[in-house]
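Since every read-out is calculated from the coordinates, none of them should be taken as a lab result. In this text, all values refer to a predicted model and were calculated from it rather than measured experimentally. Reconstructed Cβ throughout: ideal geometry from the backbone, glycine too, with neighbour counts over all protein chains shown.
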Amino acid sequence: MTIEIEIPDAYQHLIDAARLREAAERVLNTEQAQGDITILLTDDETVADLNRRYLGKEGPTDVLSFPAQDVLGNDNFALPPDEPPYLGDILIALPYTQRQAAQLGRPLVDELTLLVVHGVLHLLGYDHATPEEKAHMWARQNAILADLGIPPLEV
């Protein structure tokens, strides 16, 4: 299992990469999943562009997840034997996240940890499009966050 974390030089001093890796690993272990993930911290403009192109939504958001394969297993890509699958990419808009953390009165490290947990759950097939899906995803997310020492979020 490889968790690649890409942090631009301008953001290095703000990010605890070990904490983000721990959060991603905790989700995978809790969900009994295996696979490789890339986490990219970037600017609002990059996330806004991807948000518009892939989701049809204007403006930046805090986190986007891009699964590498169909989460139902309908995948046309053959993996070498004994190789974990590539689960996908998580992009976090750091300036947006900084503002969001400040507005919510949360430490930046906690907000980033939440977004990694949220993003990895999306890579594993969780969603929050319906109230039932949201309740299920938030319950999993809050349980993992509690294991990481972060207070739960409202459903």
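Structure data summary
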item: Relative contact order [Cα under 8 Å, 6+ residues apart], segment 1-144, whole percent; result: 27 percent
item: Förster radius 25 Å - calculated FRET efficiency between MET1 and LEU108 (Cβ-Cβ, nearest 0.05); result: 0.45
item: Neighbour-count ranking [beta-carbon atoms within 10 angstrom, fewest first] of VAL109, VAL27, VAL116, VAL63; result: VAL109, VAL63, VAL27, VAL116
item: Residue-by-residue Karplus 3J(HN,Hα) for segment 100-112, coefficients 6.51, -1.76, 1.60, Hz, glycine and proline x; result: 4, 4, 5, 5, 8, x, 10, x, 4, 4, 5, 5, 5
item: Chain lengthening between ASP43 and HIS136 when straightened (0.36 nm per residue, less Cα-Cα); result: 30.5 nm
item: Segment 3-147 pair-distance distribution - Cα-Cα, 10 Å bins, rounded %; result: 11, 41, 38, 10, 1
item: Between segment 130-155 and segment 1-57, the alpha-carbon center distance in angstrom; result: 19 Å
item: Theoretical gain in end-to-end length, LYS57 to ALA129 [0.36 nm per residue, Cα-Cα removed]; result: 24.4 nm
item: Net dipole in debye of the chain [+1 Lys, Arg Cβ; -1 Asp, Glu Cβ; about Cα centre; nearest 20]; result: 400 debye
item: FRET efficiency, GLN34 to ASP147 (Cβ-Cβ, R0 22 Å, nearest 0.05); result: 0.75
item: Residues with amide H under 5 Å from that of ILE5, placed H, sequence gap 5 or more; result: ILE39
item: Calculated from backbone phi, Karplus (6.51, -1.76, 1.60) coupling profile of segment 130-147 in Hz, x at Gly/Pro; result: 10, x, 5, 4, 4, 4, 5, 5, 5, 5, 5, 4, 5, 5, 5, 4, 4, 4
